[in-house]
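Take a look at the structure set out below.
Throughout, read-outs are computed from the coordinates displayed, never taken from laboratory work. Bear in mind that the values here come from a model prediction, so they are computed numbers and not experimental data. Glycine gets a Cβ as well: all are built from the backbone with ideal geometry, and neighbour counts include every protein chain shown.
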Amino acid sequence: MDTKPLCRVMIVDDEPAIVNAVRRELSAPPLGRYRFEVEGFTDPVAALARAGGTHFDAVISDYRMPGMDGLEFLKTFAGIQPGCARLVLSGQTDMDSLIRMVNETHIYRFIPKPWHDYFLKSSLYQALDYSHAVTENQRLANLVREKGIAVPPFDGNIDHILIVDDDPGILASLSRMLTSRSRMDDLFAAIRTEVASHAGPVLDEGRVSVQITPSPRHALQMAKAVTFSCIIADYRMPEMNGFELLQKFADEQPDCARLLISGQISQDELIIAVDMAHIFGFIEKPWRDFELKASIAQALAFRRMQIENRLLADMVIKAGTAGAAV
């Protein structure tokens, strides 16, 4: 008997071929840590009617659809099921539309058409993990408030980000991009709202410190001296691959958010990295700056929620309500 959690996923696209393609991909091995029950719709109105009576863990919607576009659909869907993870799958959009999607519907990820199979599935895994963490965070926070327990402020130190890549050009480019301001900063403010009343970390000059190294072994030495919020590691490096590095790094700093970056990786390799190294996200070379920044901001917010979850759970237990928290 398969004991993996069963997640119900809705797919909405006015092209039946796209609906069927996504359905096939989510039903095909390797399935990873979830089992999927998939429902597909070509009519957004029918999809909303279904959402009114059936719970979904995630919804994947096209952006450009006749009659009702993805923005309007997801805004309405969020009103019906606010806890459902929301992803956009589209081949046509612009920067302003994307920012509106994030700001107004709080999408987790934008997946461009045509998509890589591993990216679609791994993005859904991450969206589900993130959504479940948000739900658990809210449950524990509500329990703490109900019990009248005083909540201490979360420590807001600088977020240290470590980049490991044997290409000096990649190191310089990533470091420069993460420490400069741009229009993409609008994405960070939107992502923060995903954490409800607990704002997630933001990538700004005053709160982010970026350190770089071309050596995985040096990265592991750095982990003994500095507490990192996030590590971004290339997959193919001479000393050891990114999968091995992130596994070893997790032993040193289990709370550090782990992102893998690569221009050459197979689906099986990425699934292994997700399942065994527990990476939060995958960044494909060449990357788009807004997608990379969004992935990092989400990873930092997810890390903070994990830490807060433990703190809130400990508070509940110490207050003598451990039974209610289970």
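Each other residue within a Cβ distance under 13 Å of residue 316 adds +1 if Lys or Arg and -1 if Asp or Glu, for a net charge of +1. Remark: 13, 314, 57, 166 ranked as 314, 166, 57, 13, counting other beta-carbon atoms within 10 Å and listing the fewest first. Among the listed pairs 121/248; 147/224; 75/121; 75/113; 4/224, those whose Cα-Cα separation exceeds 32 Å are 147/224; 4/224.
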